[in-house]
Amino acid sequence: MAKGTINTGRIAENRKARHEYEIEERVEAGLILRGSEVKSLRNGRVSIAESYAGEDQGRLVLFNANIPVYEPARVNHDPKRPRELLVKIRERNRMLGLIRREGMTLVPLVMYFNDRGVAKILIGMAKGRRKQDKRQADKD
């Protein structure tokens, strides 16, 4: 990557989520990352297939996302550590309310770099599908 250029585009996609869940709404969120995590993301080495978002002490957190260690870094990170999501307070409260009351799941759909080179994640508010619904979705 040349000096002054910004790496933008998709880093990871959760294709399984569209099959397993009925996605009702999408929300863009920022991530609080460490330096070695950003370097690993720029290499395209991340997996969000088994990850989900939830509540941790009143905060919205991404759990189980696997960002492997960046070998050249002096100080590295834990690959599966919980990462705090950055959304507006009103949006966060609404999402946490949906999780508690209606039993919805917050599923990460896509992780990408925006035009400014900032790591973002697209979270889908979803309800789980039954086996029959999955078959019908495949048919359609």
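The values are calculated or read from the model by the stated rules, or taken from the named source; none is laboratory data. On a predicted model such as this, the values are computed, not experimentally measured, just so you know. Note: ideal-geometry Cβ built from the backbone for every residue, glycine included; neighbour counts use all protein chains shown. For the accessible areas, the whole protein counts, side chains as well, though only heavy atoms, and no ligand, DNA or RNA atoms are used. Shrake-Rupley method; radii C 1.70, N 1.55, O 1.52, S 1.80 Å.
Inspection of region 1-21 identifies at least one residue that is modelled with pLDDT under 85 and either among the acidic types (Asp, Glu) or touching a Cys at 6+ places or on another chain (Cβ under 6 Å) (or both).
Exactly one residue out of Glu71, Glu102 is closer than 22 Å to Arg18 by Cα and surrounded by fewer than 13 Cβ atoms within 10 Å (Cβ to Cβ), and it is Glu102.
Restricted to region 21-64, and to residues there that are open to solvent by less than 90 Å² (accessible area, probe 1.4 Å) and in contact with a His (Cβ under 7 Å, 6 or more places away or on another chain), the residue that is nearest to Gly128 (Cα to Cα) is Glu37.
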